[in-house]
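The structure under discussion appears below in the form of structure tokens.
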Amino acid sequence: MSVGKSIRHDSAVGHVTGESIFIDDRPMLKNEVLVGVLGAPVSAGNVLKIDFSEALKLDGILGIYTAKDFPHNKWGTIVAEQPILVDDIIGYIDEPLCLIAGLNDDVINRAKKLIKIEVEETIPLLTIDQALAAQKFICIATPFIRGEVESALKNSPHVLKGHFECGGQEHFYMESQASIAYPLENGQMEIHSSSQHPTETQHVVAHALHLDFSQVVCVVKRMGGGFGGKESQAAHFAAMAALVAYKLKRPARLVLTKDDDMMMTGKRHPCKNTYEIGFDDQGKILAFKTQIYVNGGAYTDLTPSILDRAMFHIDGCYYFEHCLIEGAALRTNQHSNTAFRGFGGPQGNMTIESIIEDMANYLHIDSYQIRRLNLYGTDSRNLTPYGQLVDNNVLPEIFDKLYKSSNYKQMASEIKLFNLAESGKIRGLSMTGCKFGIAFTARFLNQGNALVNIHLDGTVQVSTGATEMGQGVNTKMQQIAAGAFGIPASSVVMMPTSTEKNHNTSPTAASSGADINGAATLLACEKILARLRWIAHLHFSGVTSNDKDEFPPFVLGAVNTDHIVFENETVRHLLTNKSMTWVEILKMAYFNRVSLGGYAFFKTEGLGFDKKTLSGKAFNYFTNGAAMSMVEIDEYTGELKVLRTDILMDLGRPINPGIDIGQVSGAFVQGMGWVTTENLFYHQSGKLLSHSPTTYKIPNIQDTPREFNIELLENHTNTQNVLRSKAVGEPPLLLGASVWTAVKNALSFRSKNRLPNITSPATNEVILMELSRYE
């Protein structure tokens, strides 16, 4: 049985040996051209003139294209308002303005310097506060309201007011935005793209070039990382490559440099959230009122859905009897912010975790006690602010078990003694949790399909709408198919995702890639198995076939075939113990003209949330977890070290525990980076200055916890998902907040009864400046 085993990633050997093929590894064709992108020179303004006459004179420049060359220049996942190339109005600095087709990068770079752009510059809005003052909204969400929040606040023994602020985050995928467009006969176009959403890429390319969807095929073999940055924003770069291919009738390759990628693409949404919270002497939350503000950037992109998820997750793991949760997205002259692992959930969850840390400092009690007191219950206190039941709730079990296994109480006592010694270093400790809703909040996206083909040598090809970006979704599909047929996972090959085989796919996002496509894969396998069981039943019953007479046709449900099992490459009759090999039954089916292929469609049942009435089911289930982190700060430099992190995750019944643990560790470190080192620096003009590995600090091996313990909770109750598994991609990222709250805990030992007041990320500079306030 392949399911439940930690088999290696299906591309592990290729990645290690360098044989895995990414977009820019594809061999150049004889007449292929390169595409460069020139960005806008200011953050806001009107384009008056673009003069590229001198650039066109360069030997090796084949064409320069602007917005006017697109039949349709607008695109957008939710609202089609974003130009593929700037037309008249500039939304942000470095926004794609024109395309340069050339024979090599050198001549393209020289051409960029010769293009003259005349603009009328206007005053940009660069921050949430500026956009709020100007009342520039992308959207205002329907609030979540429960109980009587104002009266509950008025009657609370203690009330804290304030704001929580967190910065954006660069995706920093190893493979930049990349696409190759191959023009085909009859006006058709084949796009190879580093995209999480092949269908959207197909549609945006077709619309931009005024082609039918059926004339465009998008193929995704793999991505060198995605993290949400290629969910929507891969599409318009593919359209740029396609335009050049369409104009020149030659293959066109567009691969952004890391600098251009970071300057032109959106990030995680920065947030500035105000709050008012009422609580009693023990820290029980009595009322909670908050206003979430997110910086959406210049265009809508996925911002409304990201704002929704921030609101869905601002409760964290904690029950609010009386609450008012409001949200709004602001339009600024920054790159259009977009999906990023967690999709607004981390910003919401971290807000309440920060508030609880402040409550603990205010009451002079340990923050764990407050968290444990306010957890969602199992029999009561288990309804979210948006009306969904937290069923099969294991949060109390997770917190209790991690508290005990990590020796939290002893560590907290030791830290107090350590900090009293005043050695020049202070330590902090905190445990935070996550309750992450699994499903696309847009119901129609919760669908997928799979195509399974069995060959006569016993090997299998599987095609799904899931895209592989390193997270291991293909390996899980491989295991699901192998487990269904009772064959080794090595006999199953995952095919590139292609819109001609898997149409109308949803993006590989919302942590639902394995859920939706895995369920579709299993359904496709079961369709084939039903036919094969019929063949085996007839054979084991003594029915024969020959060139003249075939087996009777298969009729679904006509005979109970549960006694026919497929395992260890053998088909066996449980009652008679008769058996035949896997390959033998395939050949028997083939010679009796029984299909060895299967297509299946899957949709997640039971979903449907009405924002106006706050009724229905927003999520299929919740993935839960908790992390305990201990940090150490140098009081003279602000240097931060994470000494230890313990994580306990509820991932149901894992399909591949090894891959899941890898996802937990990677997500945590990425979340930790967001709240500690990853600071986006902008010039006062709006230009991003930290646009390379030399100026943007993602965590390295020295930043990871010195002691890092990860355990998966045994839980077989998740009947809502394929094989009782749970999604893993995004939820553990929320646990990175435990490092930031541990920093607040450490600072509280020097804050002289004041609440530590820091923003995220808590860089060394932020920590040092906060410490200087206490002198």
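Within segment 371-379, can one find any residue that is without any contact (Cβ under 8 Å) to a residue 60 or more places away in the chain, within 22 Å of P732 (Cα to Cα) and among the charged types (D, E, K, R)?
yes
Go through (1) open to solvent by less than 10 Å² (accessible area, probe 1.4 Å); (2) under 22 Å from F399 (Cβ atoms); (3) out of contact with any Leu (no Cβ under 7 Å at 6 or more places or on another chain); (4) of a type in the set (G, A, S) and name the single condition G625 misses.
(3)
Checking the condition outside any loop (DSSP other than H, G, I, E, B), basic (K, R), open to solvent by 50 Å² or more (accessible area, probe 1.4 Å) and in contact (Cβ under 8 Å) with a residue 24 or more places away in the chain, which residue from K5, K49 passes? Can you show your working first?
Details: K5 fails: outside any loop (DSSP other than H, G, I, E, B).
Answer to the check: K49.
Select, from N718, N709, N679, N656, the only residue that is in contact (Cβ under 8 Å) with a residue 40 or more places away in the chain, under 30 Å from I93 (Cα atoms) and within 24 Å of the chain's Cα centre (by Cα).
Numbers: N718 fails: under 30 Å from I93 (Cα atoms); N709 fails: under 30 Å from I93 (Cα atoms); N656 fails: under 30 Å from I93 (Cα atoms).
Checking each option against the conditions leaves just N679.
So which residues in segment 73-94 are of a type outside the set (D, E, K, R), open to solvent by 60 Å² or more (accessible area, probe 1.4 Å) and out of contact with any Ser or Thr (no Cβ under 8 Å at 6 or more places or on another chain)?
Once the filter is applied, which keeps residues that are of a type outside the set (D, E, K, R), open to solvent by 60 Å² or more (accessible area, probe 1.4 Å) and out of contact with any Ser or Thr (no Cβ under 8 Å at 6 or more places or on another chain), segment 73-94 yields A80, I89.
I'd like to know if segment 143-165 contains one or more residues that are without any contact (Cβ under 8 Å) to a residue 24 or more places away in the chain and within 32 Å of the chain's Cα centre (by Cα).
no
Run down I487, I480, I516, I535 and say which single residue is over 21 Å from the mean Cα position of the chain (by Cα), hydrophobic (A, V, I, L, M, F, W, C) and either under 30 Å from L734 (Cβ atoms) or open to solvent by 20 Å² or more (accessible area, probe 1.4 Å) (or both).
Working: I487 fails: either under 30 Å from L734 (Cβ atoms) or open to solvent by 20 Å² or more (accessible area, probe 1.4 Å) (or both); I516 fails: over 21 Å from the mean Cα position of the chain (by Cα); I535 fails: either under 30 Å from L734 (Cβ atoms) or open to solvent by 20 Å² or more (accessible area, probe 1.4 Å) (or both).
Exactly one of I487, I480, I516, I535 is over 21 Å from the mean Cα position of the chain (by Cα), hydrophobic (A, V, I, L, M, F, W, C) and either under 30 Å from L734 (Cβ atoms) or open to solvent by 20 Å² or more (accessible area, probe 1.4 Å) (or both), namely I480.
Which of the following residues is within 23 Å of H691 (Cβ to Cβ) and without any contact (Cβ under 8 Å) to a residue 40 or more places away in the chain: P41, P83, P96? Explain how you work it out, then say what you get.
Working: P41 fails: without any contact (Cβ under 8 Å) to a residue 40 or more places away in the chain; P96 fails: without any contact (Cβ under 8 Å) to a residue 40 or more places away in the chain.
Being within 23 Å of H691 (Cβ to Cβ) and without any contact (Cβ under 8 Å) to a residue 40 or more places away in the chain holds for just one of P41, P83, P96, which is P83.
Which of the residues spanning segment 516-557 are touching a residue at least 24 places away in the same chain (Cβ under 8 Å), more than 16 Å from A589 (Cβ to Cβ) and either touching a Pro at 6+ places or on another chain (Cβ under 6 Å) or of a type in the set (G, A, S) (or both)?
At the first step, the residues of segment 516-557 found to be touching a residue at least 24 places away in the same chain (Cβ under 8 Å) are 516-537, 539-540, 545, 550-551, 554, 556.
Those left that are additionally more than 16 Å from A589 (Cβ to Cβ): 516-523.
Answer for segment 516-557, where residues must be touching a residue at least 24 places away in the same chain (Cβ under 8 Å), more than 16 Å from A589 (Cβ to Cβ) and either touching a Pro at 6+ places or on another chain (Cβ under 6 Å) or of a type in the set (G, A, S) (or both): G518, A519, A520.
What is the residue count in segment 755-775 for residues that are under 32 Å from the mean Cα position of the chain (by Cα) and surrounded by 13 or more Cβ atoms within 10 Å (Cβ to Cβ)?
Just the residues of segment 755-775 that are under 32 Å from the mean Cα position of the chain (by Cα), to begin with: 756-767.
So of that shortlist, the ones also surrounded by 13 or more Cβ atoms within 10 Å (Cβ to Cβ) come out as 756-764, 766-767.
Selection size over segment 755-775: 11.
From the list L38, L62, L34, which one is touching a Gly at 6+ places or on another chain (Cβ under 7 Å), crowded, with 21+ Cβ neighbours inside 10 Å and in a strand (DSSP E or B)?
On the way: L38 fails: touching a Gly at 6+ places or on another chain (Cβ under 7 Å); L62 fails: crowded, with 21+ Cβ neighbours inside 10 Å.
When all the criteria are applied, what remains is L34.
With T464, T432, T441 as the choices, which residue is open to solvent by 20 Å² or more (accessible area, probe 1.4 Å) and among the polar types (S, T, N, Q)?
Details: T464 fails: open to solvent by 20 Å² or more (accessible area, probe 1.4 Å); T432 fails: open to solvent by 20 Å² or more (accessible area, probe 1.4 Å).
The match here is T441.
Across segment 223-270, which residue is most open to solvent (accessible area, probe 1.4 Å) among those that are part of a strand (DSSP E or B) and out of contact with any Leu (no Cβ under 6 Å at 6 or more places or on another chain)?
Initially, segment 223-270 is screened for residues part of a strand (DSSP E or B), giving 252-255.
Narrowing the set further to residues that are out of contact with any Leu (no Cβ under 6 Å at 6 or more places or on another chain) leaves 252, 254-255.
Numbers: A252: 0, L254: 1, V255: 54 Å².
Residue satisfying both the conditions and the ranking: V255.
Looking at segment 393-415, can you tell me whether even one residue there is more than 20 Å from A627 (Cα to Cα) and of a type in the set (A, V, I, L, M, F, W, C)?
No, the conditions are met nowhere in segment 393-415.
Conditions (1) within 30 Å of the chain's Cα centre (by Cα); (2) part of a loop (DSSP other than H, G, I, E, B); (3) acidic (D, E); (4) crowded, with 21+ Cβ neighbours inside 10 Å, marked per residue:
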| residue | (1), (2), (3), (4) |
| --- | --- |
| R371 | yes, no, no, yes |
| G377 | yes, yes, no, no |
| Y403 | yes, no, no, no |
| N419 | no, no, no, no |
| G428 | yes, no, no, yes |
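Identify all residues within segment 203-222 that are outside any loop (DSSP other than H, G, I, E, B) and either at positive phi or open to solvent by less than 10 Å² (accessible area, probe 1.4 Å) (or both); write none if there are none.
Narrowing segment 203-222 to residues outside any loop (DSSP other than H, G, I, E, B): 203-208, 213-220.
V205, A206, A208, V216, C218, V220, listed by residue number.
Which condition breaks for V13 when tested against (1) open to solvent by less than 30 Å² (accessible area, probe 1.4 Å); (2) more than 24 Å from S195 (Cβ to Cβ)?
Every listed condition holds for V13 apart from (1).
Right, N333: touching a Leu at 6+ places or on another chain (Cβ under 9 Å) and polar (S, T, N, Q) or not?
Numbers: touching a Leu at 6+ places or on another chain (Cβ under 9 Å): yes; polar (S, T, N, Q): yes.
For N333, the condition - touching a Leu at 6+ places or on another chain (Cβ under 9 Å) and polar (S, T, N, Q) - is met.
Mind checking whether some residue in segment 683-695 is among the charged types (D, E, K, R), in contact with an Asp or Glu (Cβ under 8 Å, 6 or more places away or on another chain) and either open to solvent by less than 10 Å² (accessible area, probe 1.4 Å) or not in a strand (DSSP E or B) (or both)?
Filtering segment 683-695 down to residues among the charged types (D, E, K, R) leaves 687.
Those still in the list that are in contact with an Asp or Glu (Cβ under 8 Å, 6 or more places away or on another chain) too: 687.
From what's left, either open to solvent by less than 10 Å² (accessible area, probe 1.4 Å) or not in a strand (DSSP E or B) (or both): 687.
Yes: one or more hits.
For R309, are the conditions met, namely being open to solvent by less than 10 Å² (accessible area, probe 1.4 Å) and of a type in the set (K, R)?
Taking the combined requirement at face value, the residue satisfies it.
Considering segment 558-592 alone, what residues qualify as being open to solvent by 80 Å² or more (accessible area, probe 1.4 Å) and either under 18 Å from S2 (Cβ atoms) or without any contact (Cβ under 8 Å) to a residue 40 or more places away in the chain (or both)? Steps first, please.
So in segment 558-592, the residues open to solvent by 80 Å² or more (accessible area, probe 1.4 Å) come out as 560, 562, 568-569, 574-575, 577-578, 584, 587, 590-591.
Answer for segment 558-592, where residues must be open to solvent by 80 Å² or more (accessible area, probe 1.4 Å) and either under 18 Å from S2 (Cβ atoms) or without any contact (Cβ under 8 Å) to a residue 40 or more places away in the chain (or both): N560, D562, N568, E569, L574, L575, N577, K578, E584.
Is at least one residue of segment 172-191 without any contact (Cβ under 8 Å) to a residue 24 or more places away in the chain, of a type outside the set (G, A, S) and either closer than 30 Å to A287 by Cβ or open to solvent by 10 Å² or more (accessible area, probe 1.4 Å) (or both)? Spell out how you get there, then give the answer.
Of segment 172-191, the ones without any contact (Cβ under 8 Å) to a residue 24 or more places away in the chain are 184-185.
Those left that are additionally of a type outside the set (G, A, S): 184-185.
Next, from what is left, pick out any that are either closer than 30 Å to A287 by Cβ or open to solvent by 10 Å² or more (accessible area, probe 1.4 Å) (or both): 184-185.
Yes, the conditions are met somewhere in segment 172-191.
Applying the selection to segment 168-218, what residues are among the small types (G, A, S) and out of contact with any helix residue (DSSP H, G or I) (no Cβ under 8 Å at 6 or more places or on another chain)? Spell out how you get there, then give the answer.
So in segment 168-218, the residues among the small types (G, A, S) come out as 168, 176, 178-179, 181, 187, 193-195, 206, 208, 214.
If the condition is that a residue be among the small types (G, A, S) and out of contact with any helix residue (DSSP H, G or I) (no Cβ under 8 Å at 6 or more places or on another chain), then G168, S214 are the ones that fit.
Just to be sure I understand the filter: pairs with C-beta atoms under 9 Å, separated by 6 or more residues or on different chains, first member in segment 593-615 and without any contact (Cβ under 8 Å) to a residue 60 or more places away in the chain and within 30 Å of W534 (Cβ to Cβ), second member open to solvent by 30 Å² or more (accessible area, probe 1.4 Å) and not in a strand (DSSP E or B). Which pairs pass?
Listed pairs, sorted by first residue: R593/E550; E605/Q720.
Taking the residues in segment 313-330 that are out of contact with any Asp or Glu (no Cβ under 9 Å at 6 or more places or on another chain) and open to solvent by 10 Å² or more (accessible area, probe 1.4 Å) as candidates, determine which candidate is nearest to K617 (Cα to Cα).
This residue is Y319.
The values are calculated or read from the model by the stated rules, or taken from the named source; none is laboratory data. No experiment lies behind these values; they were computed from the predicted model shown. Counting neighbours? That spans all protein chains shown, and the Cβs are built from the backbone with ideal geometry, glycine included. Remember, those area values only see protein heavy atoms, side chains included, never the ligands or the DNA or RNA. Shrake-Rupley method; radii C 1.70, N 1.55, O 1.52, S 1.80 Å.
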